[in-house]
Amino acid sequence: MYAVVTTGGKQIKVTQGDLVRVEKLSALVGETVELTDVCLLAKDDGLVVDRAKLTTAKVVCQVIAQDRRKKIRVFKKKRRKGYVRTQGHRQYYTELKVREIQA
């Protein structure tokens, strides 16, 4: 059984026991988080994509970590103009462990 959930503007395929990194959620480490925006649910008897049936579906996760990703460099340059800019960025994320998928 797996589900596709939307969080942080992205769709993620999850199964029970998965570790997933999503955009930062306001939850402390160890807390339980419910992801209720389920787009697709795959059961043994087939796929469920009907929005009316998916309103009760949810994915229960536990927060494992709140951290920041690896630094990326943003480099801008305009040739022959002497314009050079370097900037760094580290995106915040929340690591979740999927406990169960409730249909």
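What follows draws every value from the coordinates through simple rules; no lab data is involved. Predicted model, so just to flag it, every value in this text is computed and none were measured. Please note: Cβ atoms are built from the backbone with ideal geometry, for glycine as well, and neighbour counts cover all protein chains shown.
The table below gives the values:
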item: Residue within region 41-62 that is touching a residue at least 60 places away in the same chain (Cβ under 8 Å) and surrounded by 12 or more Cβ atoms within 10 Å (Cβ to Cβ) present; result: yes
item: Of all residues making up region 3-35, the number that are surrounded by fewer than 15 Cβ atoms within 10 Å (Cβ to Cβ) and closer than 14 Å to Ala103 by Cβ; result: 3
item: Residue in region 1-20 that is farthest from Val49 (Cα to Cα), counting only those that are outside any strand (DSSP E or B) and either touching a helix residue (DSSP H, G or I) at 6+ places or on another chain (Cβ under 7 Å) or not small (Gly, Ala, Ser) (or both); result: Asp18
item: Members of region 78-93 that are surrounded by 11 or more Cβ atoms within 10 Å (Cβ to Cβ) and of a type outside the set (Phe, Trp, Tyr); result: Arg90, Gln91
item: Every residue from region 63-74 that is within 24 Å of Gln87 (Cβ to Cβ) and either of a type in the set (Gly, Ala, Ser) or surrounded by 10 or more Cβ atoms within 10 Å (Cβ to Cβ) (or both); result: Gln66, Asp67, Arg68, Arg69, Ile72
item: Residue in region 83-95 that is over 12 Å from the mean Cα position of the chain (by Cα) and among the aromatic types (Phe, Trp, Tyr) present; result: yes
item: Output for region 53-103, where each listed residue is part of a strand (DSSP E or B), farther than 30 Å from Gly17 by Cα and not polar (S, T, N, Q); result: Arg73, Val74, Phe75, Lys76, Lys77, Lys78, Tyr83, Val84, Arg85, Gly88, His89
